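Please read the structure below before turning to the comments.
The values are calculated or read from the model by the stated rules, or taken from the named source; none is laboratory data. It should be emphasised that the depicted structure is a prediction, and the values quoted were computed from it without experimental measurement. No Cβ is skipped: glycine too gets one built from the backbone with ideal geometry, and neighbour counts run over all protein chains shown.
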Ligand code: CS2
C-alpha cells in the first residue's frame, strides 16, 4: 500500500473517475443502518445492495481500525471490482456515509443502537463472534437496553453471517444479556430475521488496490474484489421500515441457509483442506487437481443432496453444479488458507449437520472430516508447516498430540470435541471408520493420489 501515491478517492475527486467506472447515483443524506463488521464481504455484499437507495450505512469495525480509517479518509467511498470471465468491471459504492471503531467508540455505538435514526443493525462478524458474550452480543444487548430505556422506535437486527437460523442464533446470544425490563421491551420491539447471504469475496491483496488505482487514477485503500454472482434471501420480519434492497424476501430462509451452508460452504471447506494439504494456493487451483472435481460432484450428489430438502423450485444437484462453476472462476484468487480458517466454528453447519442428517452411507462425506483432521495436524503433504487459525487451535493440537500417529485415535480425539461435534456424529461408527480409512490414505499417499483413486 505504501506504493500508492495518487490522490485518494473522495467526494472531492469523484469527478476525476474515468467514464468506464460506474459511480453512485446518490449519496444518502443520512444513516439509517448501523453495520457491525467492516470486512471485504460487507463492502461487496450488503453495502452494494444498499447503494443507490437513500439508506446510508455507518460501517463499524469491532477490532482493527485499518478498514474504517481507510473508509473515513475516503468519505466512505470505495470500489468493488467484479471479476468475471471477461476481466474486471469496477464500480464506486456510495452507501457508506460514516464509520465507527467499536473498541474505541463504544459509547457512540450504544447511542447509535439506542437512537431512532438507526432502523436496522446488520452484522457480519464471523461465526465465532456469537459465542463470545463479551464481544458483539454485549454491545447489542447494551444498545437495546438503552433504546428500551428511552422507549425508542422498533429495531431490526439482521445477521448476515454463515450460520443456520442465524437470526435465532443472534437472538439467543443477545437475549440472556438483557435485564428483565429491556427483555420485555425487546420482545415487542426488536426482531431478528434470518438471512442467507452469498457472494465469493476473497480478502483484498496488493493486486486489488493496484487494479483499483489503475482504473480510477486515484488511490483506494478500501477497494475489494468479488465474483459476479450475488444473492441475498431475507426472512421478511422487519420490526420497522425495510430498506429498499433488491433481495428475495421470504418466510422460509432456513431451507436456503441449509442448501447454501452444506453445498457451497461445505464443499468450499472440503476443497480448502484438501488444497492446503496438497500445496494448492487457491480454491480454483484445487478444483483443477486430477480427480478433485469428480469427488466434489459425487460429494454433492451422493451425500449433501440426500441430506436436505431444498427450497421450493430448487434442485440441490443443479445448485451444486453452479457452485462448482463459480469456484472454478480463475479470476477469483480465494486462498485455501482463508477458507480453512476457524474450521471448528464452520464445520458444525457445513459438514457435521450433513453427516447427522444422513445417518448412514457416510463413506465419502468422511473425506472432508479426515482432511480437516490432517490439516489440524499442521503439516502439508510435502512437509511444509500449515497454520491453524482457529479459536480451538490449542485444544485441537493438544488432542491430536495425545492421540499420536494412529488414524483411529486421531479421529476419536477430534470427534471427542463435544463443544462443536454433535452427538449423532460423535457416535456414528460408520463415519469414524471411514474417516480413519481416509486419514490413513492421506497420511500414506497424500491428497493428489487419494483424489485420483477416490
Ligand atoms: C467461505 C465463505 O471463507 C469461507 O469460509 O466459505 O466466505 C464463502 O466464500 C461465502 O460464504 C460465499 O457466499
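For first residues located in the range 156-175 and within 18 Å of residue 347 (Cα to Cα), partners that are more than 16 Å from the ligand (Cβ to nearest atom) and lie 6+ apart or on another chain with Cβ distances below 6 Å do not occur.
Within the range 166-197, the set of residues being within 16 Å of the ligand (Cβ to nearest atom) and surrounded by fewer than 20 Cβ atoms within 10 Å (Cβ to Cβ) comprises just one member, 169. Provide a single number: the residues in the range 240-298 that are free of Cβ contacts under 8 Å to residues at least 60 places away in the same chain and either within 16 Å of the ligand (Cβ to nearest atom) or under 30 Å from residue 381 (Cβ atoms) (or both). Count: 13.
Filtering the range 44-80 to residues that are buried (at least 23 other Cβ atoms within 10 Å of the Cβ) and within 16 Å of the ligand (Cβ to nearest atom) leaves 44, 45, 46, 47, 80.
Scanning the range 23-60 for residues that are touching a helix residue (DSSP H, G or I) at 6+ places or on another chain (Cβ under 7 Å) and in a loop (DSSP other than H, G, I, E, B) yields a total of 2.
Scanning the range 312-319 turns up at least one residue that is modelled with pLDDT of 95 or more, within 15 Å of the ligand (Cβ to nearest atom) and either closer than 15 Å to residue 283 by Cβ or not assigned by TED's automatic domain parsing to the domain that holds residue 82 (or both).
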